[in-house]
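Let me begin by presenting the structure, written as structure tokens, before commenting on it.
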Amino acid sequence: MFKRVLLKLSGEFLSGDGGFGLSPEATMRLARDLKAAREESGVELAIVIGGGNFWRGARNGAGMDPATADYIGMLGTVMNAMALQDALERAGCDTRVMSAIQMHAVAEPYIRRRAIRHLEKGRTVVFGGGNGIPFFSTDTTATLRALEIGADVVLYAKNKVDGVYSDDPHRNPGATRFDHLTHRDVIDKGLQVMDMTAITLCMEKNLPLVVFDLFQEGNLRRLLGGERVGTLIES
């Protein structure tokens, strides 16, 4: 069983069926699931959330300076972090948002030791603002934050994909699902789990990952309780 975990969420999880913006209903439903799983397991929970429901630099920032496009995306992650904090607290879960981009009116600045202290006090911590610098994805942010706070594992949440496959299972029904992989397997097979910077750092630091379907009923609760769910990636 895990003591402390880092959960990587896509921003689209907050948008509901629309795929864009924020859905209060979808955000609240997610918050209740997170609270129930955390309380039942007693695990210390930190979250990194993306901003793809607001902005994707490669698509929305076409023609822009790439660094500017990335900064806009980071601001989107802070909006999502604030929305998730609001929902978690309405569900009864004491939560703190910490941002790598300083904006004192809405979030605490990210300070490693303060983040750890929040977790030790039983608070859920949501990290926004990416790394605070361009050219790095929230996949890399999740890996860095997990290493900094001493998380046991990165839980990489997916929607309607129950693990890592040899190909896109939605387009190729014959794709093979893996129960277990090494970090080197992911790199050598060219599997699209997370960006190369993130998976390489996980391999160098022996940080395990679990890729799982967040919206399959009970998956997160089972995973935090020590059951095998999804695909485990380790050295």
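A few notes on this one:
- Considering Ala87, Ala67, the condition of being among the small types (Gly, Ala, Ser), assigned to a helix (DSSP H, G or I) and surrounded by fewer than 18 Cβ atoms within 10 Å (Cβ to Cβ) is satisfied by Ala67 alone.
- Gly122 vs. criteria touching a residue at least 60 places away in the same chain (Cβ under 8 Å), surrounded by 20 or more Cβ atoms within 10 Å (Cβ to Cβ), part of a loop (DSSP other than H, G, I, E, B) and on the phi > 0 side of the Ramachandran plot: no
- Inspection of the range 53-64 identifies at least one residue that is touching a residue at least 24 places away in the same chain (Cβ under 8 Å) and either surrounded by fewer than 20 Cβ atoms within 10 Å (Cβ to Cβ) or under 23 Å from Ala146 (Cβ atoms) (or both).
- In the range 109-116, the count of residues that are loosely packed, with under 13 Cβ neighbours inside 10 Å and aromatic (Phe, Trp, Tyr) is zero.
- Matching residues, the range 98-108, being surrounded by fewer than 20 Cβ atoms within 10 Å (Cβ to Cβ) and assigned to a strand (DSSP E or B): Glu108
- Selection from the range 177-235 of residues that are small (Gly, Ala, Ser), surrounded by 15 or more Cβ atoms within 10 Å (Cβ to Cβ) and in contact with a Ser or Thr (Cβ under 7 Å, 6 or more places away or on another chain): Ala198, Gly225
- Of all residues in the range 1-54, those being closer than 22 Å to Gly230 by Cα and not in a helix (DSSP H, G or I) number 19.
- For the condition touching a residue at least 24 places away in the same chain (Cβ under 8 Å), touching an Asp or Glu at 6+ places or on another chain (Cβ under 9 Å) and more than 17 Å from Leu14 (Cβ to Cβ), Met103 does not qualify.
Bear in mind that the values in this text are calculations on the coordinates, not laboratory data. Source: prediction; values computed, not measured. Glycine also receives a Cβ, built like all others from the backbone with ideal geometry; neighbour counts cover every protein chain displayed.
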